[in-house]
1. Can you tell me which of ARG158, ARG89 is closer than 21 Å to LEU246 by Cα and either surrounded by fewer than 16 Cβ atoms within 10 Å (Cβ to Cβ) or touching a helix residue (DSSP H, G or I) at 6+ places or on another chain (Cβ under 8 Å) (or both)?
2. So ILE330 clears everything in (1) touching a Leu at 6+ places or on another chain (Cβ under 8 Å); (2) over 30 Å from GLU171 (Cα atoms); (3) at pLDDT below 80 except one condition, right? Which one?
3. Give the residues of region 5-43 that are small (Gly, Ala, Ser), out of contact with any Lys or Arg (no Cβ under 8 Å at 6 or more places or on another chain) and within 16 Å of HIS134 (Cα to Cα), sorted by residue number.
4. Can you pull out the residues in region 495-518 that are farther than 17 Å from GLN396 by Cα and among the basic types (Lys, Arg)?
5. Taking the residues in region 13-32 that are within 21 Å of ILE167 (Cβ to Cβ) and in contact with a helix residue (DSSP H, G or I) (Cβ under 8 Å, 6 or more places away or on another chain) as candidates, determine which candidate is surrounded by the most Cβ atoms within 10 Å (Cβ to Cβ).
6. Out of the residues in region 133-171 that are part of a strand (DSSP E or B) and over 31 Å from the mean Cα position of the chain (by Cα), state the one that is modelled with the lowest pLDDT.
7. Can you tell me which residues in region 51-64 are free of Cβ contacts under 8 Å to residues at least 40 places away in the same chain and either in a loop (DSSP other than H, G, I, E, B) or out of contact with any Gly (no Cβ under 8 Å at 6 or more places or on another chain) (or both)?
8. Go through region 29-49 residue by residue and tally those that are part of a loop (DSSP other than H, G, I, E, B) and either in contact with a strand residue (DSSP E or B) (Cβ under 7 Å, 6 or more places away or on another chain) or small (Gly, Ala, Ser) (or both).
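The values are calculated or read from the model by the stated rules, or taken from the named source; none is laboratory data. Values in this document were obtained by computation on a predicted structure and should not be read as measured data. Positions of Cβ are generated from backbone atoms using ideal geometry, with glycine treated the same way; all protein chains shown enter the neighbour counts.
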Amino acid sequence: MKVIFGNLLGLKAGQIKRLENLSRRRVLPQAIVSHELCRNLCALSAETGRQIGLLIDRSGKIAQVLVGEVDRILIPDLREYRLAPDRLRGLRFVHTHLTDTPLTQDDLTDLALLRLDLMAVVTMTTAGLPALIHWAHILPGASESTPYRIMDPIPPFRPEIDCIGLIQALEAELSRKKADTTGQSGSERALLVSVFTGPRKDAIDSLDELKELAHTANISIIDTVLQQRKKANPRFLMGSGKLDELSIMALHRGATLIIFDQELNPSQIRSIADRTEIKVIDRTQLILDIFAQRAQSREGKLQVELAQLKYILPRLVTKDTAMSRLTGGIGGRGPGETRLEINRRRARDRIRGLEHAVATVQKNRRQQRSRRSKKGLPIISIIGYTNAGKSTLLNQLTQSRVLAENKLFATLDPSSRRLRFPRDIEVIITDTVGFIRDLPKELMAAFKATLEELKNADLLMHVIDISNPRHPDQIRSVETILTELNLCDIPTIRVLNKMDQVEPETCDHLIRRLNGIAVSALNRSTLKPLSEKMEVAVAPLYGINR
């Protein structure tokens, strides 16, 4: 049995001995605490002038004895007692109050955040005797502001309430609610979180895009949370109070995942996950996961795995707090360090292997481009923000059947098709992976072989979804990436897609403002002006006359 004492300074040897003896006691499973323990706890509290607490497991064993201060008591790290979305902690907490004060808000917050089986307070008389047992339990389905039920106090000489039966009933209800909310899909249920310091509109737009990413990853969205701060919290990103609210919301809604719109550093991921005890990822991890789901070719799978490993490697250092305490120095050359180092070494070895394989892909692509250039065929590359309609446009222009879905990153593997214009001018059209705001640098590096295809293009067609209210920001994001790739000197045609989804006046205005050609990629009859402009653009290339 593990015993954790708090601050023992000022306690007498006899009092410490009596505290140690408490850890050897047992409690009947149906009782919150025994009458004898109530008397001992109150006697020790009266003598020491401090709150005394017990963490009791479901078998009735005292797992930990805690010593607090006159007005508070801290519950230590309980990570070793693991949780599931439909389970409670497996521990109930019983502690004393030196006055007749019942359950405090701190007690109820600890109950909800730590998902304890029960929270109980034994109040005392002026003579140091137990007066009443005040207790509460989590209430599945209650409001998020009060996710618990405060029960009527009971006398200390009758603490039996069928404790185990109540806990089993609560967990059965949690399990039922989880099944109701999960349904048949079995998909992750996520809370989306954005902590922003800039304009609120920008944060809302970014969060809307995060929703689309979650939808693409087949994640069910429970709710969204925004918090505006003057400065991000270096440990939790958001305020600790708001994080506690998030934890309670996750419990109440049956969330299995929290997704942050901002990129989290390794320590933040660990701190937030420890505080909420729910899986935590950020926007970059979500995009990497989508790429992993979508990659079909060997090339695409190699590039995605490389990006994931490069992202994960620095996070292996803080993967396990207990392990990280053992790394380095005297006393640190044991199995903990060995296990951590093995994981990191394997990751580095795999990264080196993948980089070699990707380099081979780059070499093969250079050879393919060399063969194409010998044939003298101009290359037109379709670029644009993800889900702008690039693959649909390629299908309409070339009468092909490249996968096109109303999801972000439907296309990962580049596709090339031939297109012949009416005057016997033939070109190769390539479809590329869609761009996105703040494209993760790991993906930019891993997809270098794919993105290099654009450097050999004679013409770029920038497809813009003008029905999307965020299209100005999307244009800027695409052009920023083109600048980073040194592609700004390649002639570009702006293709204003989804003209059928905006008002004609709006479409005419955008044609003038963006200097583009409006089309509907779903309607082949609207593509004639675009085809003519493409033909005019490529005619002078390689000595081809109009």
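1. ARG89
2. Here ILE330 meets the rest and fails (1).
3. Correct list: ALA31 only.
4. From region 495-518, those farther than 17 Å from GLN396 by Cα are 501-516; that's our starting set.
Correct list: ARG512, ARG513.
5. ILE32
6. GLU160
7. LEU55, ILE56, SER59, GLY60
8. Residues that pass the stated criteria total 5.
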